């Protein structure tokens, strides 16, 4: 997928990745708008887990097809951003399970450096074990904010736009995610005199 085209032709050989097809004219306009507004975020999110842009594109392609297949139902359910994030999360997790490997941010050198920065931002000692696994156990919204803010470096306003939330809600999920991580890792409460911007 790319350049505003939604590839709906999927072959088992290439996952529909190598031969993009122009989106059919009857594709729902609201879905096209959703795709154009979220494709970068979906690809970045998948790549940080899968460690490869090519694999991320393949997975995101399947994710968008799954979203398209249930589009009307998703619109009726409400909370579209949360529902589609869940589809993305499932798609990425399914691919990792199929490959029998952990998320790339657990093992890739450059991403590991980002996680060291996360430790510093969250005032978590580098000797703490289980941070990466604890991140994976966060509820979907907390997990997404932590990944986008601390691993991908997205500013709060951008996270809010992609998640369909206001900035205060993003900050709330970020705080709750950090609190849950500290509890999960058995760390002391944060020093109230030290406040990060979270930006």
Selection count, segment 136-150, where residues are over 14 Å from residue 179 (Cβ atoms), within 11 Å of the chain's Cα centre (by Cα) and surrounded by 22 or more Cβ atoms within 10 Å (Cβ to Cβ): 4
Taking segment 109-123 as the search range and keeping residues that are modelled with pLDDT under 60 and surrounded by 15 or more Cβ atoms within 10 Å (Cβ to Cβ), which one is nearest to residue 185 (Cα to Cα)? 115
When both residues are 6+ apart or on different chains and their Cβ atoms are under 6 Å apart, which pairs have a first residue that lies in segment 36-56 and is closer than 16 Å to residue 83 by Cα, and a second that is at pLDDT below 90? 41/162
Quickly run through segment 133-146 and pick out the residues that are modelled with pLDDT of 85 or more and assigned to a helix (DSSP H, G or I). 141, 142, 143, 144, 145, 146
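Name the residues in segment 151-161 that are more than 22 Å from residue 80 (Cα to Cα) and buried (at least 19 other Cβ atoms within 10 Å of the Cβ), would you? Talk me through it step by step, then tell me what you get.
First, the residues of segment 151-161 that are more than 22 Å from residue 80 (Cα to Cα): 151-153.
Matches in segment 151-161: 151 only.
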Residue by residue through segment 162-180, note down the ones that are under 24 Å from residue 93 (Cβ atoms), more than 11 Å from the chain's Cα centre (by Cα) and crowded, with 17+ Cβ neighbours inside 10 Å. 165, 170, 173, 174, 177, 178, 180
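The values are calculated or read from the model by the stated rules, or taken from the named source; none is laboratory data. Since the model is a prediction, treat every value here as computed from it, not as a measurement. Every residue, glycine among them, receives a Cβ derived from its backbone with ideal geometry; neighbour counts consider all protein chains shown.
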